[in-house]
């Protein structure tokens, strides 16, 4: 049974994730609105066929897998290393608060945890599945999280956990396993605003962050 301490942290992270979702959804919808406005503008100033061409080109541009995302983050926490390992291998890894924090359901299986996340007013949903593996090397505990979306690779986190000077040091590398289209940029921008707050709600201080974006 989770402790009150763990429950409070989970509740705090879930509140941050809800704020993230509140802003992310309208901004993501804005991309579709821009495409529609471009279509209407082209239709009014030209005719139907050029307007359809403009809309088709914009749809291809915003959906094309162009962006490669990754980075390295260094955290510190007052929690002991074993507790941190348990958190990262449990059903609610701290770095995935924006997934389990907005999930309609969390299912824990024998070797994976699955988050059912609905959108478009429940008309569509995505299943995020997380597989966790642990290892040890050079005095560090290593946790690898492989995340899939609807069965397709989504991202990988390699987390190194070690005792520091009175605190536990957590350093993780993350890398997207697929490229993302421009339509995901609003989502990334909103996540960038709230992700450190979500980690802080769970007791992790962000000491250093190096995010990388490429094409």
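The values are calculated or read from the model by the stated rules, or taken from the named source; none is laboratory data. Since we're looking at a predicted model, the values are computed, not measured. Cβ placement follows ideal geometry from the backbone for every residue including glycine, while neighbour counts extend to all protein chains displayed.
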Filter result for the condition that a residue is surrounded by fewer than 16 Cβ atoms within 10 Å (Cβ to Cβ) and within 16 Å of residue 203 (Cα to Cα), over 153, 93, 81, 163: 163
Residue under evaluation residue 103, criteria (1) touching a strand residue (DSSP E or B) at 6+ places or on another chain (Cβ under 6 Å); (2) not in a loop (DSSP other than H, G, I, E, B), criterion not met: (2)
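Being over 18 Å from residue 89 (Cβ atoms) and in a strand (DSSP E or B) is the filter here; which residues of the range 134-153 pass it? I'd like the intermediate steps shown before the answer.
Looking only at the range 134-153, we keep the residues that are over 18 Å from residue 89 (Cβ atoms), and these are 138-139, 149-153.
Listed by number, the residues that qualify are 149, 152, 153.
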For the range 48-68, does any single residue satisfy the condition of being touching a strand residue (DSSP E or B) at 6+ places or on another chain (Cβ under 7 Å) and surrounded by 13 or more Cβ atoms within 10 Å (Cβ to Cβ)? yes
Consider the range 156-178. How many of its residues are part of a strand (DSSP E or B) and in contact (Cβ under 8 Å) with a residue 24 or more places away in the chain? 14
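On the basis of being at pLDDT below 95, within 25 Å of residue 77 (Cβ to Cβ) and loosely packed, with under 13 Cβ neighbours inside 10 Å, does residue 191 make the cut? Steps first, answer last, please.
Working: at pLDDT below 95: yes; within 25 Å of residue 77 (Cβ to Cβ): yes; loosely packed, with under 13 Cβ neighbours inside 10 Å: no.
Taking the combined requirement at face value, the residue does not satisfy it.
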Residue pairs qualifying under the 8 Å Cβ cut-off, at least six apart or on distinct chains, with the first in the range 190-213 being on the phi > 0 side of the Ramachandran plot and the second being in a strand (DSSP E or B) and surrounded by 13 or more Cβ atoms within 10 Å (Cβ to Cβ), are 203/77
